[in-house]
Structure formats: C-alpha cells, structure tokens
C-alpha cells in the first residue's frame, strides 16, 4: 500500500492528522520499512495518541507485533532494530520501545495477547552465596593434608 493510498484511506477532515500520518510513513520509507499489503492498523487512533516524534515507531511496531505475534517485547525490539527503527540495542532504545508497546496495548492498538510476557523464573532454589549462607552440609568436609593421604576433620 503506497503512502497516497494510505492517506486516501483515512477518512478524516483533520488535515493535521493526515499530515502527521504522511510524515510517519515517509520516515518509515526512508529507513526502508514497508508494510504488508493487507496490514490494517488504527492509524487515526495512533495519530491521536502519540506525538509526531514517535508515531513512525508506533506504526512500525504495530506491523512487527501483528506479523510476529505472540512475541516478547525484547524480540519485537530486536526486529525493530534490524528494520532500522532504532539505531542500536542500547538500553535507552529498549526502554523507549517497551514504553511504546505498553502504550499501544493500553490504547487498544494491539491486543494484549500479541505480547508474550514470560517471566524469567528460576527453577533452581537459591544455593546461597558462600559457606556462611549455604545450607547445612549433610557430611563432614574432607581436608587434604600434605601427608600420604586424606584425613577427615
């Protein structure tokens, strides 16, 4: 779908909204990002909910989430980096991406089930950080001596 076709599809008398969407699509085209032909998105809702500086990222993240769902936020971020939406994988960019996705979910632009929120739980119980905090030993430790063999303590 070309930019012109997208603009025509927006049935809004709000020229500012159309201009903001057009600018976002151009910015995406400049980094080589293209939308799937059958991709549907809440363009107007997004334009009303996000500022011009982040709208182009929201449009791209919407397509990434739709295409790859269910996906983790980190997975969506890496795909956005490889698509040229973010310049690198720095923590600042990850936090920005995470915030955009959270807001997109809250505003109803993407369903909650598009994001896989798996927790990083540990299956192994804590074993302590040293001898002082480790569980009680069930046997006596064996000390190695400089003699002919080992002797128990």
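Here is how the numbers come out for the structure above:
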quantity: Matching residues in segment 28-77 - criterion: being under 20 Å from residue 93 (Cα atoms) and assigned to a loop (DSSP other than H, G, I, E, B); calculated: 31, 32, 33, 50, 51, 72
quantity: Residue 95 vs. criteria surrounded by 15 or more Cβ atoms within 10 Å (Cβ to Cβ), closer than 23 Å to residue 48 by Cα and within 12 Å of the chain's Cα centre (by Cα); calculated: no
quantity: Selection from segment 49-63 of residues that are more than 17 Å from the chain's Cα centre (by Cα) and more than 20 Å from residue 112 (Cα to Cα); calculated: 51, 52, 53
quantity: Subset of segment 39-65 (residues that are at pLDDT below 95 and crowded, with 19+ Cβ neighbours inside 10 Å); calculated: 43, 46, 47, 50
quantity: Enumeration of residues in segment 64-84 that are closer than 15 Å to residue 99 by Cα and over 8 Å from the mean Cα position of the chain (by Cα); calculated: 65, 80
quantity: Checklist (1) touching a strand residue (DSSP E or B) at 6+ places or on another chain (Cβ under 9 Å); (2) at pLDDT below 95 applied to residue 76, failing item; calculated: (2)
quantity: Some residue of segment 12-24 being at pLDDT 80 or above and under 16 Å from residue 80 (Cβ atoms); calculated: yes
quantity: Residues located in segment 80-92, provided they are surrounded by 14 or more Cβ atoms within 10 Å (Cβ to Cβ) and under 19 Å from residue 25 (Cβ atoms); calculated: 80, 83, 85, 86
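The values are calculated or read from the model by the stated rules, or taken from the named source; none is laboratory data. Here the structure is a predicted model, which is why all the values come from computation and not from measurement. We place every Cβ from the backbone using ideal geometry, glycine too, and count neighbours over all the protein chains shown.
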